[in-house]
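The values are calculated or read from the model by the stated rules, or taken from the named source; none is laboratory data. Keep in mind it's a predicted model, so treat the numbers as computed, not measured. Here the Cβ is made from the backbone with ideal geometry for all residues, glycine too, and neighbour counts use every protein chain on show.
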Amino acid sequence: MNTVNWKVEGMTCSNCALTIGKYLEKEGQQNVKVNPVTGEVIFDVADGNGIEKLEKGIADLGYRVAEKNGVITRPNEKKRINKYLRYVLICAPFTLVLMLHMFEKVIHLHWLMNPWVQLGLCLPVYIVGMSFFGRSALKSIRNGMPNMNVLVAVGATAAFFYSLYGTLTGQAEQYMFYETAATIITLVFFGNYLEDASVEQTQRALNSLAKSQKVMANMIAFDDQHQEQIFAVENTVLHVGDLVLIKSGEQIPADCKILWGEATVNEAIITGESLPLTKKQKDVLIGGSIVVDGTVKAQVTATAKDSVLANIVNLVKQAQGEKPPVQQMADKISAIFIPIVLGIAAVTLVANWIILKEFTPALMRCIAVLVIACPCAMGLATPAAIAVGLGRAAKNGVLFRNSKSLELFKNITQVVFDKTGTLTTGNFEIAGWEIVNRKSSIVNDASTHDSQLTIDESEFKRIAYSLEKYSNHPIAKCISANWKVNNEIRWAKIEEMKGLGMKAVTKEGDEWIAGSYKAAAHLTNDETHNIYILKNNELIGWIDVKDELRPEATSIIRYLKSKQIKTILLSGDRKSKCDALAAQLGMDEVIAEQTPEQKLEIIERLNKLTPTAMVGDGINDAPALAKATIGISLSEASQVAMQTADVVLMNHGLKNLPLSLGLGKHTFLTIKQNLFWAFFYNIIAIPVAAFGLLTPTFGALVMGLSDVVLAINSVRLFVKKVV
């Protein structure tokens with residue numbers, strides 16, 4: 001299965017997105033996600049040979065594939081002004097002149113009352129309008145998914161041909177509604193332009209990230225004399241292993257590792273953390289971040305499309321394309337909205353004709369119903385809010401893997417924290433160690449010495465390093481970094497026992513373990529140490545490390561308690577240490593000395609009681625993160641933990657946990673406000689139009705502005721206080 005990511009132009013409402021989605025599903029594509037706000041279309045395709053057929057099929061529906069997996073389909077095409085604005089500029093002069101006849105008694109433009117003059121002014125507007133609305137309406141009807149343009153096309157056509165009938169039969173005075181047809185078309189174009197401009201604002205944060213993906217790079221190459229040459233190239237042509245020169249003030253073109261030099265780097269675009277970081281030799285630089293000061297030479301470790309920034313942008317786009325549960329009702333209503341409105345318009349025409357005994361006012365009320373109805377509002381209510389919520393989150397270093405998580409945050413009543421690397425920094429230092437049993441064999445690659453030889457300090461460290469270098473646990477990393485040796489032991493077999501530690505077997509069959517107290521509980525009652533070294537079920541020694549509390553941990557726990565959110569410490573560490581940490585932070589509950597399997601069971605049990613978020617960072621936490629209502633991982637967490645989490649905090653700590661909670665709750669609140677407005681607008685506007693309390697012209701204007709109201713309400717999330 002290959003994932004296809006297209007950007008499709010021409011979507012004007014949620015019905016358009018539903019049309020494209022149903023077409024792709026009918027063609028056998030899987031995991032189809034269509035976002036009417038961004039135009040993103042994502043789906044899984046088993047056979048790449050049918051891609052051209054799918055593209056043609058989408059074109060037949062009235063849309064155009066503008067980008068394929070980030071590549072523009074027409075790269076040499078000049079960027080033109082917004083198509084709706086272009087239509088407005090074409091139609092507006094004719095429409096404005098037509099509308100002057102409404103003030104004929106004031107400005108005495110008798111020539112404008114001539115029906116043939118009005119026909120000549122209206123005809124260009126009608127032709128332009130039908131070339132867009134009419135064509136789109138016909139294609140949508142042909143494909144069994146009528147869209148909003150059907151309402152506009154029917155309304156404008158009714159007004160135009162009613163007026164044309166009067167002109168041709170010499171009854172122009174009773175049938176003069178050319179300005180109605182023209183203003184409907186012009187104002188709907190204007191409304192679509194305002195909607196486009198507003199929706200573009202909802203994408204502001206994501207667009208700023210996307211723009212940072214394409215920059216120029218100083219590529220280092222060597223001529224035939226082995227002299228260094230610098231070439232300016234676009235970062236999209238860089239490959240893994242290429243050398244680049246990055247100077248002060250420049251944007252880092254791709255993920256890379258420093259080979260020479262030192263620099264101060266601002267990673268705010270990735271992590272949301274504005275404080276610059278000092279980067280030295282062998283440190284990793286993230287593409288898209290800025291070198292504030294210094295010059296470095298670095299080697300590219302990931303191409304532009306595989307970089308951290310690219311993955312973030314793609315992940316946010318995918319999350320925006322997903323539909324949270326709250327949108328399902330709106331989608332169901334949108335799918336049947338157009339036929340319902342057409343039915344209401346028909347009933348309005350007949351009922352008013354019977355009651356008023358006049359066709360003209362009945363027709364105007366029917367047209368008003370057609371143009372004021374707005375399925376776009378219901379379709380945009382959820383995607384617009386989600387686009388802003390996810391965009392603001394990404395801009396501030398909070399990465400949501402799916403839009404469902406945003407909605408689920410509103411229900412969270414308790415947060416479970418892992419200890420090591422989550423509430424603490426995970427940057428350990430060796431605090432002490434001791435060899436308990438000095439009488440043991442010494443291990444080398446050739447043989448095992450007599451068991452009466454004494455293990456000295458260097459041999460103890462060599463054994464500990466050789467075991468722990470294969471683990472990703474923060475304590476293991478600390479030991480392997482501090483006690484690194486060149487003559488490490490080459491094990492015949494080594495494995496990590498989740499929740500216990502590392503177990504290895506030598507070529508001679510001796511079994512060595514570096515693990516927690518659980519691994520040595522049957523050999524000693526002293527449970528105060530971090531790592532116990534065992535050989536053949538015999539305790540050899542122990543190692544102690546010390547960890548420091550994250551500086552923001554206290555304020556985060558205090559914030560959660562202020563929001564009546566219960567805090568639980570769930571750790572594999574010893575109870576005494578967990579109790580001390582929980583007391584220091586003021587946490588509500590402690591569950592210590594748990595294996596990964598037990599953590600999973602506990603999270604499952606807690607989830608049944610109430611929606612629960614889990615914050616963790618290690619491999620041991622991965623199953624529990626996946627099981628929690630919302631799994632939250634830190635950016636420095638293991639890859640397994642990050643892949644199973646729903647939310648990733650990119651700011652090297654817990655600082656943005658309140659922001660993620662707040663954004664989740666306020667995004668859902670914004671969705672509810674948008675849906676209320678969308679339903680309230682249509683429930684009120686359609687009867688008002690049916691009873692003749694507004695004109696088709698005013699209805700067209702209000703319909704266009706209804707979408708703008710939703711977009712503006714969604715954009716408020718950019719600046720709204722959520723914490």
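Structure notes:
- Looking across the stretch 208-234 at every residue that is surrounded by 15 or more Cβ atoms within 10 Å (Cβ to Cβ) and polar (S, T, N, Q), the one that is modelled with the lowest pLDDT is identified as Ser212.
- Residue check, Ile684 surrounded by 20 or more Cβ atoms within 10 Å (Cβ to Cβ) and assigned to a helix (DSSP H, G or I): no
- Every listed requirement among (1) modelled with pLDDT under 85; (2) touching a Pro at 6+ places or on another chain (Cβ under 9 Å); (3) surrounded by fewer than 19 Cβ atoms within 10 Å (Cβ to Cβ); (4) farther than 19 Å from Leu363 by Cα is met by Ile90 save one, (1).
- Subset of the stretch 486-513 (residues that are surrounded by fewer than 16 Cβ atoms within 10 Å (Cβ to Cβ) and among the aliphatic types (A, V, I, L, M)): Ala492, Met497, Val505
- In the stretch 644-662, the count of residues that are free of Cβ contacts under 8 Å to residues at least 12 places away in the same chain and not aromatic (Phe, Trp, Tyr) is zero.
- Hits in the stretch 129-180 - residues which are outside any helix (DSSP H, G or I) and not small (Gly, Ala, Ser): Asn143, Met145, Pro146, Asn147, Thr169, Gln171, Tyr175, Met176, Phe177
- Note on the stretch 235-248: residues that are at pLDDT 85 or above and more than 14 Å from Ile286 (Cβ to Cβ) amount to 9.
- So Leu693, is it more than 16 Å from Pro383 (Cβ to Cβ), without any contact (Cβ under 8 Å) to a residue 12 or more places away in the chain and in the same structural domain as Glu179 (by TED's automatic domain parsing): yes
- Of all the criteria given as (1) touching a Phe, Trp or Tyr at 6+ places or on another chain (Cβ under 6 Å); (2) outside any helix (DSSP H, G or I); (3) hydroxyl-bearing (Ser, Thr, Tyr), the one not satisfied by Ser471 is (1).
- Of the strands (runs of 3 or more DSSP E) that lie entirely inside the stretch 482-539, those containing 1 or more residues that are small (Gly, Ala, Ser) and under 41 Å from the mean Cα position of the chain (by Cα) span 501-505, 511-515.
- Elements of type strands (runs of 3 or more DSSP E) in the stretch 351-435, at least 2 residues being at pLDDT 85 or above and touching a helix residue (DSSP H, G or I) at 6+ places or on another chain (Cβ under 7 Å): 414-417, 429-435
- Odd one out for Glu67 among (1) at pLDDT 85 or above; (2) part of a strand (DSSP E or B): (1)
- Options Glu552, Glu593; residue that is on the phi > 0 side of the Ramachandran plot, of a type outside the set (S, T, N, Q) and surrounded by 15 or more Cβ atoms within 10 Å (Cβ to Cβ): Glu593
- Flag if Asn192 is polar (S, T, N, Q), in a strand (DSSP E or B) and at pLDDT 75 or above: no
- The stretch 127-159, subset buried (at least 24 other Cβ atoms within 10 Å of the Cβ) and more than 16 Å from Ile338 (Cβ to Cβ), residue modelled with the highest pLDDT: Gly129
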